[in-house]
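The values are calculated or read from the model by the stated rules, or taken from the named source; none is laboratory data. Keep in mind it's a predicted model, so treat the numbers as computed, not measured. In this analysis, Cβ positions are derived from the backbone assuming ideal geometry, glycine residues included, and neighbour counts consider all displayed protein chains.
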Amino acid sequence: MTGKIETTIKVFLSYHRFVGILLIVGAIGYMVMLSDPQFNNRCYISEKALSPGVVEEQFNQVNFINDYYADVQKMYTVKNLESGKFQKWLEEEMQKIGLDAYTQNFTFSYPLILGEKKLQGINAVGISRAYRAARTEALVLMTPLRAADSGAASHERRTDGSVALMLALAKFFRRQTHWAKDTIFLFTEMETVGLQAWLYAHHGESSLLKPSISVSDPPHRSGSIQAAVALEFAGVSGWQRARLHVEGVNGVLPNLDLVNTVVRIAGKHGVRLELHGSDRQPALLLRSLLYQASGSPASLHGLFLPFDIPAVGLSGEGRAASSSSSATRTAGAVVEAIWRSLNNLQERFHQSFFFYALPAIDRYVSIGDYTPPLGVVLLALALAAIDSLVVGFGDGDASTKPKSAGGGVVGPVARLCVMAGCFGLLALVAPAYFIRTAAAFRIDPGAGMLIGLLAVQAMAAAFPLMFPNMIVACHPGALRLAACLSLGLSLGAVSLVNFGLAFLSALPLAPVCLLAAGPDRLPAVLRFGIGAVALAAASPIGLLLGGCYAAGGARSLVSAWTCAEYGALQGYVEGQLLGSFTYRLNCLMLLPCWLLAWCQLFARAWPRPAAPAAAAAAAEETSTESEEPAKDK
Amino acid sequence: MYMTNLFVLVSIFLLFVVNNCVCVDEEDFSEELVLSDLGNGYSYFGFNFVFTRQVNDFNFVIKATSSHKHFNLFPRSISDLAARFRVSEFHLTLSQGYWNHAAWGYASQPQPQGAELWAWLGSHGSESDKVESNWREFVSAVSGMFCASVNAMATGAVATSPAWSYRPEGLSQRGREPRTLRLAQIVNQGVCTENLTPWSRLLPCKKQAGIGQLLNAVKLHDSAYNSVQVHFKPTHRGLALRLAFTAVIDRRIAQLGKADWSVHSLLSRAVSLPCSLATGQTGSRLLVLKRTAPDPDQSAVQPEPLQSYNLANGLKLLDYNLTKMLDDEAKDSVDVKFNFPWTWVPVERLQSPPVVAQKYQIGTGSEMGGVVVAISNRHPSQAINVIILEIVPWQLRMLFHTLELTLGDNLAHKANKVHYQQSVDRVRPAKLELLVTVPPRTSLRVSYRFTKQLVRWNEFPPDANHGLYLPPTVVSFVAPSDSSLRLPVLPQTVLSIAELTANRNATTPEPIFVRLYTEALLVNAPKPDFSMPYNVLCLVCTVLAIGSGFMHNVACKLASVSNPNPADKDATLMGRLKKMLTPWRRQ
């Protein structure tokens, strides 16, 4: 009976590659299916205290916005921003309104890219004290300061609209009596650097930012921050269409209730919200996962999330359709409504979901629904691993032979794993040297880094050629076991931190790892060729270049190269400055796993040698000797 | 004739008897409202209702129940409370909002956010054992009396007894009797009309006449800071009770920043009837406190006061005697109007008080946290000794070895004296008292770290995700006499401004004892997942356990009737002894 079951299992396992590929295709199909409204759910408000959109907004002071906008237009120039005059003006305006306002200086030095240069920046902050509360809780409304002289390329990204809106709201909020939490109006310079400086200083941990950022202590503080909203609007009436950003550093998402509150309130006021600039179903889900996988924040709000502060970003999309006063009023009313909702919160955001995927702006896939596809992919890898265990590590036909030519089974594979890890470490550590060397040759850092990484990748690829003995010594089955297990475990571990990254890297890597040895029927050369191309495409660098090429509409190789340069550099720098894991995970987990799969290809191509004759004979003798007593028994 | 004489005699006798029994102690009541413009559009309202009661035998009041005593003005419930639980002095305050001392100056009675109760309980002789139970019952009684849910204060896990920061304000009865201090603070206790109503019922004129007429709850609770206070203490003559209500109203919100303001414009009430029971030394008064130096309060006040006094520390007091004004001038009501167009002056540019304290949280994550208390001495030449009291709830385990005192820029500093008591889980909070000298023009930074404990599931409050409150730090010091104390600081040793005006010699500046409270902090404490699946799991497990428990009993246990007699026999002492000795018995 057991024999029958055993045979069935063995027969089943012998098809594991086919089954594995079926499972992976199934996982992709499942994921695509999830983006269909039939298989996901409509968002609902779980925290009833929020009751979004219930209040009647009182904001009607269109003149506040228009007046401030006129002033901002005059003041908001690159020159004023760099000299800090604009921030000073903001501070004074907020003080006039009656806020506890201050400016905060910070310096940013990043020798790797900036060299000796130190950048000076100034944040402007105003705290509107909740009238009847005791400074224990706060909410943050922020906008980055980005001046652009008209006509400049970055003119579209300027934030004069949100600056004016925030000042107008500050004036309006200050006169309202119903706030339960302080509001911190935050204007930060230099994108993430300024915000990072303020956040760390507010939490009293600015020493952690050294040596790259040094920042002064804020003179005024408020209590624990409950939520944050980042605004980026050019012009004051571009609120018919806006874009919602959710993904934070490392793909951390804000509580779904917060997202939902913003979506509902925008809906109430007729503001069309978009997610990732797309509303076609499978594409949007894929983009959500991609944003998550990149590990870089979708907008500045993403920096709040590592501090356990739920936050979303709103940015203006396209040009203002009209500059009517009703559109301007809408801008104020939307933020007011969000604020009224957030002020209702009795506790921190804790209900609803922290892990979800958004297939549409008002629909969600819960963690219970989106993890099974990854589980299915991991199952395919597990089947391959089990198969190599079941087949055993004997040599060829004589599967019972306890010892093989290369010494133990574990030793060579372990050595290979350590070497693979070393390549990962190299890729992690080396970029600093690449960039410095590139600087010496006057090559810009991105190019230097990408070339360097390509070199590391090439070295990793050449590794089997350089140390053929290490490959040959490994038992192919054991190597396969190691490759599948390490990939499966890495993906499983990463999925807990960043699901998008785990799933999206599983899609190319898992099939390649399964099929690295290639189908048996093809001729050896063809098998090797196909395997090598597939593996090269699935390598981290290959994926980066391929991804950039695809994102650029598969038009220009040059633009794909520049994009990849930027992507690699951004990943590295964000890893250092924002604490994003993506670059590190790519180096320390995915590259070694890829290398093991790559070695598998060679192990298959180079059959284990009938080792030198004498040694082989000796081995045979010992083996027959050792076999005899076994037979006796 | 004989009969008449007898009648007279009897009457005199009766009169004597009655007089003896209803021996009315001398009582006194006066009331006052202190008004002040704090600058930047903030108006200060300080209601004081002061009761005194002369007691010949002080010991009698504290120890015996005062059941056969007659009370005219003094609230009997308060006196009974003190007598019943051997409380010689207590201070209860329920406050909402933060007293912004950096901008407004020191308050005469600053209070922390939430509820604070501190009391001195008699603890000599046999009473020393009863301090705990007395405190517990006292808290319950106070809690019920003022409709405040402060029962949690009764447990030792909240209440402490600081060594230096709190001293008795009243005279100790007979000087040397031992007393024990209990202090408890609950940060998230709100204040509402339901607290104000029982409080205002203690007033002799209620809200019907006198200053009490101005107690418009709707307006007073809609303020940046408001505080309901009860201060009870013994004096050299007997007992003193001060019922106080303090409110700070922001005119930017209350009347959209209009330059003119008056009592009526902010409270929508005016005094139309004098409280005829306010027969005390100072009667019924409306006082306006103005700053004359260093940055004078330039608001024009109407009408002209009947009297004005110059006080210490650059303060001027305008005195409006309500009884007189309402009687003499035959007015319908009395209102005081202020006129001064103001502009917002940032806190940094204000003439700041000599010592300013700020407390904030540092650190991220739900495992560790930290606190910084920054105290700056802004006095140009004088070093100030401050006493810092820090109470840390046991849920946040304070790490004493991380305590750091730095002066100015990274200069390690040492406390003159340290009193520290480690917390004991579920039993008492950690208590840290430091006596530190802060040199002039420097700021002291006291910081420490704590670990956040994951408490038992049944110890979480209903709003577990709200977080835990860290009570405010209490900073006590004696402010130098020459420093410019901003309004409305008053010596805490006097009962009220009324007493101050009675003593005209108070024009020479004298050092003032100040106790100030920093912000309270909300700490994000670790908590398990209290979400629906968790609840469902708990519930399902409970139902299964209940259901399967009895099924298991029925299925697996055999019911049998046993003979009770041998058991009885064994149960007796002799039986058990015999049983024990059985093995030794010779067969």
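A:Gly115 meets each of the listed conditions (1) closer than 25 Å to A:Phe172 by Cβ; (2) modelled with pLDDT under 95; (3) not β-branched (Val, Ile, Thr) apart from (1). Looking at B:Leu286, B:Leu241, B:Leu273, B:Leu266, just one residue is buried (at least 22 other Cβ atoms within 10 Å of the Cβ), touching a residue at least 24 places away in the same chain (Cβ under 8 Å), of a type outside the set (Gly, Ala, Ser) and not in a strand (DSSP E or B), and that residue is B:Leu266.
Could you check, for segment A:253-273, whether at least one of its residues is at pLDDT 90 or above, outside any loop (DSSP other than H, G, I, E, B) and of a type in the set (S, T, N, Q)? Checking segment A:253-273: at least one residue is at pLDDT 90 or above, outside any loop (DSSP other than H, G, I, E, B) and of a type in the set (S, T, N, Q). The single residue among A:Ala327, A:Ala298, A:Ala337 that is more than 14 Å from chain B (Cβ to nearest Cβ) and surrounded by fewer than 22 Cβ atoms within 10 Å (Cβ to Cβ) turns out to be A:Ala327. Listed conditions (1) within 14 Å of another protein chain (Cβ to nearest Cβ); (2) surrounded by 17 or more Cβ atoms within 10 Å (Cβ to Cβ); (3) not in a helix (DSSP H, G or I) are all met by A:Gln58, apart from (2). Would you say B:Gly369 is in contact with a Phe, Trp or Tyr (Cβ under 9 Å, 6 or more places away or on another chain), of a type outside the set (S, T, N, Q) and closer than 30 Å to A:Gln351 by Cβ? So B:Gly369 passes the test. Suppose the filter is more than 14 Å from every other protein chain (Cβ to nearest Cβ) and under 30 Å from B:Asp529 (Cβ atoms); does A:Val271 pass it? No; evaluated as a whole, the condition is false for this residue. Tell me yes or no: at least one residue of segment A:135-146 is over 26 Å from A:Gln73 (Cβ atoms), assigned to a loop (DSSP other than H, G, I, E, B) and not hydroxyl-bearing (Ser, Thr, Tyr). Yes, the conditions are met somewhere in segment A:135-146. Any chance segment A:463-480 includes a residue that's surrounded by fewer than 16 Cβ atoms within 10 Å (Cβ to Cβ) and aliphatic (A, V, I, L, M)? Yes - at least one qualifying residue is present in segment A:463-480. Does segment B:369-386 contain any residue that is exposed (fewer than 14 other Cβ atoms within 10 Å of the Cβ) and within 13 Å of chain A (Cβ to nearest Cβ)? Taking every residue of segment B:369-386 in turn, none turns out to be exposed (fewer than 14 other Cβ atoms within 10 Å of the Cβ) and within 13 Å of chain A (Cβ to nearest Cβ).
In segment A:268-285, the qualifying residues are those that are closer than 25 Å to A:Thr328 by Cα and touching a residue at least 60 places away in the same chain (Cβ under 8 Å), and the one that is surrounded by the fewest Cβ atoms within 10 Å (Cβ to Cβ) is A:Gly270. The residues of segment A:109-125 that are out of contact with any helix residue (DSSP H, G or I) (no Cβ under 6 Å at 6 or more places or on another chain) and in a strand (DSSP E or B), listed by number, are A:Ser109, A:Lys118, A:Leu119, A:Gln120, A:Val125. I need the full set of residues from segment A:512-534 which are assigned to a helix (DSSP H, G or I) and out of contact with any Leu (no Cβ under 6 Å at 6 or more places or on another chain), in order please. Scanning segment A:512-534 gives A:Leu514, A:Leu515, A:Ala524, A:Val525, A:Leu526, A:Arg527, A:Phe528, A:Gly529, A:Ile530, A:Ala532, A:Val533, A:Ala534.
When each of A:Phe106, A:Phe86 is tested for being under 33 Å from the mean Cα position of the chain (by Cα), more than 14 Å from chain B (Cβ to nearest Cβ) and either surrounded by 15 or more Cβ atoms within 10 Å (Cβ to Cβ) or not in a loop (DSSP other than H, G, I, E, B) (or both), the lone residue that passes is A:Phe106.
Candidates are the residues of segment A:109-144 that are small (Gly, Ala, Ser) and either crowded, with 24+ Cβ neighbours inside 10 Å or closer than 23 Å to A:Val163 by Cα (or both); the one that is farthest from the other protein chains (Cβ to nearest Cβ) is A:Gly121.
Picking from residues in segment B:334-368 that are among the polar types (S, T, N, Q) and in a loop (DSSP other than H, G, I, E, B), the one that is nearest to the other protein chains (Cβ to nearest Cβ) is B:Thr364.
Within segment B:453-478, residues that are within 14 Å of another protein chain (Cβ to nearest Cβ) sit with their Cβ atoms under 6 Å from residues that are of a type in the set (Lys, Arg) and in a loop (DSSP other than H, G, I, E, B), at 6+ positions apart or across chains, in these pairs: B:Ala464/B:Lys527; B:Asn465/A:Arg348. Just checking, does segment A:383-394 include any residue being on the phi > 0 side of the Ramachandran plot and in contact with a helix residue (DSSP H, G or I) (Cβ under 8 Å, 6 or more places away or on another chain)? Within segment A:383-394 (the criterion being on the phi > 0 side of the Ramachandran plot and in contact with a helix residue (DSSP H, G or I) (Cβ under 8 Å, 6 or more places away or on another chain)), the answer is yes, since at least one residue qualifies. Any residue that is of a type in the set (D, E, K, R) and either touching a residue at least 40 places away in the same chain (Cβ under 8 Å) or at positive phi (or both) - is there at least one of those in segment A:551-564? No; the residues of segment A:551-564 include none that is of a type in the set (D, E, K, R) and either touching a residue at least 40 places away in the same chain (Cβ under 8 Å) or at positive phi (or both).
Summed over segment A:206-237, the residues that are surrounded by 20 or more Cβ atoms within 10 Å (Cβ to Cβ), acidic (Asp, Glu) and either within 14 Å of chain B (Cβ to nearest Cβ) or not in a strand (DSSP E or B) (or both) give a count of 0. All told, B:Leu171 falls short of being touching a strand residue (DSSP E or B) at 6+ places or on another chain (Cβ under 8 Å), buried (at least 22 other Cβ atoms within 10 Å of the Cβ) and part of a loop (DSSP other than H, G, I, E, B). Of the residues making up segment A:169-205, those that are away from every other protein chain (no Cβ under 14 Å), over 23 Å from the mean Cα position of the chain (by Cα) and in a loop (DSSP other than H, G, I, E, B) number 1. Apart from one condition, A:Lys96 fits all of (1) in contact with a helix residue (DSSP H, G or I) (Cβ under 8 Å, 6 or more places away or on another chain); (2) over 20 Å from A:Leu300 (Cβ atoms); (3) within 14 Å of another protein chain (Cβ to nearest Cβ); the exception is (1). Just one of the listed residues (A:Ala234, A:Ala242, A:Ala227) is closer than 17 Å to A:Leu305 by Cα and assigned by the TED database to the domain that holds A:Leu169, namely A:Ala227.
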